[in-house]
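Have a look at the structure below before the remarks.
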Amino acid sequence: MGQVGRHRDVEQAAERGDGTADVVIQMDGVGVVRGPSTLLDDVSWTVELDERWVILGPNGAGKTTLLQLAAALLHPTRGEIRLLGEPLGLTDVFELRPRIGFASAAIASRIPPGELVSDLVVSAGYAVLGRWRERYDPEDLVRALQLLELMGVAGFADRTFGTLSEGERKRVQIARALMPNPEIMLLDEPAAGLDLGGREDLLVRLSAIAEDPDSPTLIMVTHHVEEIPVSFSHALLLREGRVVAAGLIRDVVTSANLSETFGLPVRLSRSGDRYFARRKRAGAAATGL
Ligand SMILES: Nc1ncnc2c1ncn2[C@@H]1O[C@H](COP(=O)(O)OP(=O)(O)OP(=O)(O)O)[C@@H](O)[C@H]1O
Ligand SMILES: [Mg+2]
């Protein structure tokens, strides 16, 4: 793949021998408060360059809010955040945002249905939605097609976004988010609304991107452990705005932690590299089921 992402500044920092070179996201004691509601509370989280994170938690836990902070779209009420080495609040977010790709249903809903798929992807490199009047370099058009190919949707390049299925839209959106060669890639529930085949196909593609050392640092939000792509390394569990656990997937994704996160007794099982979760049945403690 190779062309998907670069870590220019972080690599330069590594060459300088800077101890924080590999840290792409650093949050310390972060809180987000809106009126009487605490959306995030005392979140501390460190993400390094080559890590691939999954964020799990129930509805309303604060997952999207956390991604918005990581995308420099939101400022915390409390605490400190550094993104790609830059302190949020002291840095120009308009320089920072193009270095961070973000794909979410909320963004998809703002895409005009008449937008051509190829225009939608190529225009991301110019930080606009849709092609409008810009002129694009031929290399950019080639890259847009390569990314559509990577996501298995090159055949839809000449279709309008509104004519695509939910799964096809998700993949086009990921291609668009990769277009500016971001250093961090944030995916908010990329598998939501997909059928079994669509989900499995997406997971294979995300795993392939995750395995490429040139890919951006990947962070994906999901409600389901079944959607953790193989070769993702880390997990953060959120409940009511607080971190339940964060670290290596094998340490964090456990029955006990998932039970605490989702507020019900969860039985976790594993098959190969995939995880499965279901509610523990009443009396399960005695039978082990
Ligand atoms: N501007 C706001 N004012 C008050 N509450 C808000 C505001 N924005 C979000 N919230 C609340 O903050 C909580 C966290 O929202 P967020 O979207 O981060 O959750 P989430 O974990 O992404 O949930 P879901 O899984 O449903 O997408 C929710 O209860 C939401 O209603
Ligand atoms: Mg959300």
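A compact table of results
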{"item": "Percentage of interatomic Cα-Cα distances in segment 142-289 larger than 27 Å", "result": "30"}
{"item": "Mean projected area (nm²) of the alpha-carbon convex hull when segment 49-113 is viewed from all directions", "result": "6.0"}
{"item": "Over the chain, relative contact order from alpha-carbon pairs under 8 Å, at least 6 apart, %", "result": "23"}
{"item": "Ellipticity estimate at 222 nm from DSSP helix runs (n ≥ 4, -39,500 (n - 2.57)) divided over the chain, nearest 500", "result": "-8500 deg cm²/dmol"}
{"item": "Tilt relative to the chain, helix 138-150 - C-alpha long axis, 0 to 90 degrees, to 10", "result": "30"}
{"item": "Principal axis dimensions, segment 24-164 - Cα atoms, whole angstrom, descending", "result": "46, 31, 29"}
{"item": "Cα-Cα pairs of segment 197-266 separated by more than 14 Å (percent)", "result": "63"}
{"item": "Ratio Rg/Rh, restricted to segment 101-227 and using Cα atoms, in which Rh is the Kirkwood radius", "result": "0.94"}
{"item": "Square roots of five times the Cα gyration tensor eigenvalues for the chain, Å", "result": "31, 24, 18"}
{"item": "Packing-based ranking, highest mean first, of 173-182, 244-253, 70-79, 104-113 given that Cβ atoms within 10 Å are counted", "result": "173-182, 70-79, 244-253, 104-113"}
{"item": "Angle between the chain longest axis and helix 166-178 axis [Cα atoms, degrees, rounded to 10]", "result": "70"}
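No value in this document is a laboratory result; all are computed from the given coordinates. Being a predicted model, the structure only gives us computed values, none of them experimental. Cβ sites come from the backbone with ideal geometry, for glycine too, and all protein chains shown count toward neighbours.
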